[in-house]
1. What per residue convex hull volume, in Å³, do the alpha-carbon atoms of region 6-110 yield?
2. Restricting to Cα pairs below 8 Å that are 6+ residues apart, what does the relative contact order work out to for the chain? Please round to a whole percent.
3. Mind ranking 77-85, 46-54 by how tightly packed they are, going by the mean number of other C-beta atoms within 10 angstrom, highest first?
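Readers should treat all values here as calculations from the given coordinates under stated rules, not as data from a laboratory. This one's a predicted model, so the numbers in the text were calculated from it and none came from an experiment. A quick note on method: Cβ atoms are made from the backbone with ideal geometry, for glycine too, and the neighbour counts reach across all protein chains shown.
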């Protein structure tokens, strides 16, 4: 399920991002999408490809990998994200929900650290 008001467009952060064509209230589920789950061995191989930037750690031990379908892998990162994501390991799905009101035309962000306001440096930016 992806709300029909979401669309992919060029992002000021670079590349593409997910945007909204209408205002969205805080607490709105905007997407529920399946994921493809990879074994630890498959994840290691994928991390050597361009897909590395689009997969999530998966499972309770975070050893597995997952590629989210739908728009989920297209959400850009922000330390003050407008959305949060929830992983359902039993059903192999991810849900995106707004954590604040979002205005028409605004890009929607998730925090790659899994918590909308977690300021921990990201693994690919760590020095």
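1. Numbers: hull volume 10.4 nm³, N = 105.
Enclosed volume per residue, from the Cα hull, is 99 Å³.
2. On the way: 262 pairs, mean separation 38.2, N = 127.
The normalised contact order for the chain reaches 30 percent.
3. Numbers: 77-85: 18.6, 46-54: 11.6.
By packing density, highest mean first, the sequence is 77-85, 46-54.
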